[in-house]
Amino acid sequence: MVKQLPKDFIFGGATAAYQAEGATQIDGKGAVAWDKYLADHYWYRADPASDFYHRYPVDLELAEKFGVNGIRISIAWSRIFPTGYGEVNPKGVAFYHRLFAECHKRHVEPFVTLHHFDTPEALHSQGDFLNRDTIDHFVDYAAFCFEEFPEVKFWTTFNEIGPIGDGQYLVGKFPPGIQYDLAKVFQSHHNMMVAHARVVKLFKDKGYTGEIGVVHALPTKYPYNPENPADVRAAELEDIIHNRFILDATYLGEYSDETMQGVNHILAVNGGELDLRKEDFEHLQAAKDLNDFLGINYYMSDWMRGDDVEKTEITHNGKGEKGGSKYQIKGVGRREFDVDVPRTDWDWMIYPQGLYDQIMRVKANYPNYKKIYITENGLGYKDEFVDGTVYDDARIDYVKQHLGVIADAIADGANVKGYFLWSLMDVFSWSNGYEKRYGLFYVDFETQERYPKKSAYWYKQVAESRILE
Ligand code: BGP
């Protein structure tokens, strides 16, 4: 069946400062927690990454050539404020002016994220967003960027508040590497949402031109057996942890009774208390109708079993050894991987219908959402480089299916305005290294040469025709 995407639909590519730029030690950049954490715990480093700090003109030239008319870029907070606040680093500021100018020269609209997993080390070591001082510093940093970079028209406060809390305090694969602390997960979500709300309000109060939103990762949660109430409850509770708590904060300005009932149950079983203050909700309320867009990152769905889980146990499959994942939370349930849908080597369940369901859920439950961009989606794969390219038919198929359900959602009344493939060129993966590739352009990390993959030619043709065969 032929499907069509709208004329003004953005065909973008996504990147993130820390995963793309490299150059972590030069031009006055301050440290981030990942610098030491990778050295202590992982087999790879953030240098050279894709050397985007120097090669961005090449990537933007390729983007233009391959029909890509939007790019997600994040500003490295510690390039602007090396310790998170105080003295500005002029070289960092100059770099982003150059980068945004190059985007415009190439007709590739920059969608700029203020925080993509890389809190400056000086603030991270003081508790990151669990420390409320970080909220104030983030608001000041955002205010500085809005004044300094009027050339940016699309701002995102945070990338993936959900997976940050999950990675830092539940799975423990992100610095500081704490495991199974559900109270910290929710507190981090909450504090970051308050920071988001304050920044959105500031942006609107000051009357800046352009748009502002937030990017949430929204994996869809299904009961393994929809007839089994325990499985249904497990899916609801996982949804609260990863999706609903932050969606409520974004669009309701409060947590619904059902959401809080689920949170309280999880904390009663796992221990811990939350610090939710009256003034926090005033901030959330003031911003809930001001978000210009919601960015949805969608890669996978999960199927939940509500078995009585005695203890929380999570095993992260970081090397792409299929079947190596385990994810179960006490009082919640466990993820079932033996489901009849394809999955990647990293055990990510490929289910395009989950994206459709998630978009429609936002539309139904949060009608003040205004518009949606799919800000990340793509296939992590151990690409094989042959004949100077990669014949990545699996990636083409993945993207085609997801674009297909986006077209369906638009036809069914959802306001989705663009798609950003993760990733524009290959970058490294936070907890999986350089072997897990996603890009349209293959990067030889030794020479830093770029090579368009088969998917790049396919993407160009779809971006130009807007037609999905
Ligand atoms: C999202 C992040 C990206 C990127 C992507 C792929 O969670 O926003 O930065 O890393 O997922 O994930 P991974 O690198 O774990 O495969």
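Is it true that some residue in the range 191-202 is within 15 Å of the ligand (Cβ to nearest atom), within 13 Å of residue 245 (Cβ to Cβ) and in contact with a helix residue (DSSP H, G or I) (Cβ under 8 Å, 6 or more places away or on another chain)?
Narrowing the range 191-202 to residues within 15 Å of the ligand (Cβ to nearest atom): 192.
From what's left, within 13 Å of residue 245 (Cβ to Cβ): 192.
Then keep just the ones that are in contact with a helix residue (DSSP H, G or I) (Cβ under 8 Å, 6 or more places away or on another chain); that gives 192.
Yes, the conditions are met somewhere in the range 191-202.
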Count of the range 117-127 residues which are more than 16 Å from the ligand (Cβ to nearest atom) and either over 19 Å from residue 87 (Cα atoms) or not in a helix (DSSP H, G or I) (or both) | 4
Given the residues 63, 14, 49, which is the only one that is modelled with pLDDT of 95 or more, away from the ligand (no atom under 15 Å from the Cβ), farther than 16 Å from residue 142 by Cβ and within 21 Å of the chain's Cα centre (by Cα)?
-> 63
Restricting attention to the range 247-269, report how many residues are assigned to a helix (DSSP H, G or I), among the hydrophobic types (A, V, I, L, M, F, W, C) and open to solvent by 10 Å² or more (accessible area, probe 1.4 Å).
-> 4
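For the range 225-246, which positions are basic (Lys, Arg) and surrounded by fewer than 23 Cβ atoms within 10 Å (Cβ to Cβ)? Steps first, answer last, please.
Step one: list which residues in the range 225-246 are basic (Lys, Arg), which gives 233, 244.
Once the filter is applied, which keeps residues that are basic (Lys, Arg) and surrounded by fewer than 23 Cβ atoms within 10 Å (Cβ to Cβ), the range 225-246 yields only 233.
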Please specify each residue of the range 389-409 satisfying the condition of being farther than 15 Å from residue 9 by Cα and aliphatic (A, V, I, L, M).
-> 390, 394, 396, 399
Return the only residue of 305, 277, 335 being in contact with a Phe, Trp or Tyr (Cβ under 6 Å, 6 or more places away or on another chain), surrounded by fewer than 19 Cβ atoms within 10 Å (Cβ to Cβ) and on the phi < 0 side of the Ramachandran plot.
-> 305
So how many residues does the range 410-433 have that are more than 24 Å from residue 355 (Cα to Cα) and surrounded by 17 or more Cβ atoms within 10 Å (Cβ to Cβ)?
-> 1
List the number of the failed condition for residue 297; all other conditions in (1) closer than 26 Å to residue 226 by Cβ; (2) of a type outside the set (Phe, Trp, Tyr); (3) within 16 Å of the ligand (Cβ to nearest atom); (4) surrounded by fewer than 18 Cβ atoms within 10 Å (Cβ to Cβ) hold.
-> (4)
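Could you please let me know if residue 79 is of a type in the set (Lys, Arg), outside any strand (DSSP E or B) and within 24 Å of the chain's Cα centre (by Cα)? Lay out the reasoning, then the answer.
Values: of a type in the set (Lys, Arg): yes; outside any strand (DSSP E or B): yes; within 24 Å of the chain's Cα centre (by Cα): yes.
Against the criterion (of a type in the set (Lys, Arg), outside any strand (DSSP E or B) and within 24 Å of the chain's Cα centre (by Cα)), residue 79 qualifies.
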Taking strands (runs of 3 or more DSSP E) that do not extend beyond the range 358-469, which have at least 1 residues that are within 16 Å of the ligand (Cβ to nearest atom)?
-> 372-376, 416-422, 441-443
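The values are calculated or read from the model by the stated rules, or taken from the named source; none is laboratory data. What you see is a predicted model, and the numbers here were worked out from it, not measured in a lab. Every residue, glycine as well, gets a Cβ built from its backbone with ideal geometry; the counts of neighbours run over all protein chains shown. Note: accessible area is taken over every heavy atom of the protein model, side chains too, but ligands, DNA and RNA are not part of it. Shrake-Rupley method; radii C 1.70, N 1.55, O 1.52, S 1.80 Å.
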